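Participant: Questions regarding the structure given below will be posed in turn.
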Amino acid sequence: MTDGGEPSAGAADPPIRADGAAQRGRRALNPLSVAGNLEYDRVLFFSDAVFAIAITLLVVDIRVPDVVKDAAQEISKSTDKILSFTISFLVIGLFWMGHHRLFRFITALDRRLMFINLLFLGTIAFLPYPTALLFAGNTHQPAAPVFYAACVAAAGLVELAIWLYATHAKGLVPASVPPAVRRYELAQLLPTPVVFLLSIPVAFIAPAVAPFTWILLLPIGRILPRIMRAKVNGEVAS
């Protein structure tokens, strides 16, 4: 076998170039890119690269002057930037973990799912900008936290769309994945867009308080999976 999974050319086989062209032609007619194929792996590698670059860009805004007379004072001046970096690092990290978890179940891709995934990666790549704005201006004005919450909520909704489309399209998620597991994964995706959308009216009323409402993701992220996992175990056992 060759590296691409195609049979090696023998004495009675057609020329390698012709056979390779025929194989590529058949693959082009296949609407699905299945796990283990190069096309599928390229999508995941590209996705991981976008996450890595977005997380790296978060720290670009935290710069140290060429001359630092008082390190403690410089750290104090950068506290807001460090806080915004920490928040967005955790947010993007959670998105990456969710994306990784979904593609344990999504074993094939079609063009629509690839397009939805590309939209999701676009929202992730954009997050460093609202992160830089978050504490850059007056923390008593709602524009920055509202914009940040809207961007994160949009990313959460598009990630949710990935799962909803994959579970309803034919052949993308194996039929062996039970409905209870599908609902469990759906429930794990819901808290992020819900919490950030609910924080938007809070930001209009108390802009400085809005970022602290995002901490609700931590208890919700621990409690909800336990509840759903118990339901999944109960349904599978029955």
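The values are calculated or read from the model by the stated rules, or taken from the named source; none is laboratory data. Quantities reported herein were computed from a predicted structural model and do not represent experimental measurements. Cβ: placed from backbone, ideal geometry, glycine included. Neighbour counts: every protein chain shown. We work out accessible area using only protein heavy atoms, side chains counted, and drop any ligands, DNA or RNA first. Shrake-Rupley method; radii C 1.70, N 1.55, O 1.52, S 1.80 Å.
Participant: DSSP loop trypsin sites (Lys or Arg not before Pro) in region 72-165 with at most 12 other Cβ atoms within 10 Å of their Cβ, which ones?
Facilitator: Filter output for region 72-165: Arg104.
Participant: Then there is this: Loop-only check: which trypsin sites (Lys or Arg not before Pro) in region 127-207 are DSSP coil with at most 13 other Cβ within 10 angstrom?
Facilitator: Sites meeting the loop and neighbour criteria: Lys170.
Participant: Going from most exposed to least, what order do Met97, Met114 have by accessible area with a 1.4 Å probe?
Facilitator: In descending accessible area the options line up as Met97, Met114.
Participant: In addition: What shape does region 79-133 have by the C-alpha gyration tensor, where a ≥ b ≥ c are the square roots of the eigenvalues, rounded means a/c under 1.5, and otherwise prolate means a/b greater than b/c and oblate the rest?
Facilitator: Since a/c reaches 1.5 but b/c is at least a/b, the shape of region 79-133 is classed as oblate.
Participant: What is the calculated FRET efficiency for Lys69 to Ala35, with r their C-beta to C-beta distance and R₀ = 35 Å, to the nearest 0.05?
Facilitator: The formula returns an efficiency of 0.05 here.
Participant: Rounded to the nearest 0.05, what FRET efficiency is calculated for Val59 and Ala175 with R0 set to 41 Å and r the Cβ-Cβ distance?
Facilitator: With R0 = 41 Å, the Cβ-Cβ based efficiency is 0.40.
Participant: Here's another thing I want to ask about it. Tell me the net charge near Pro191. Cut-off is 12 Å between Cβ atoms, Pro191 excluded, with +1 for each Lys or Arg and -1 for each Asp or Glu.
Facilitator: 0
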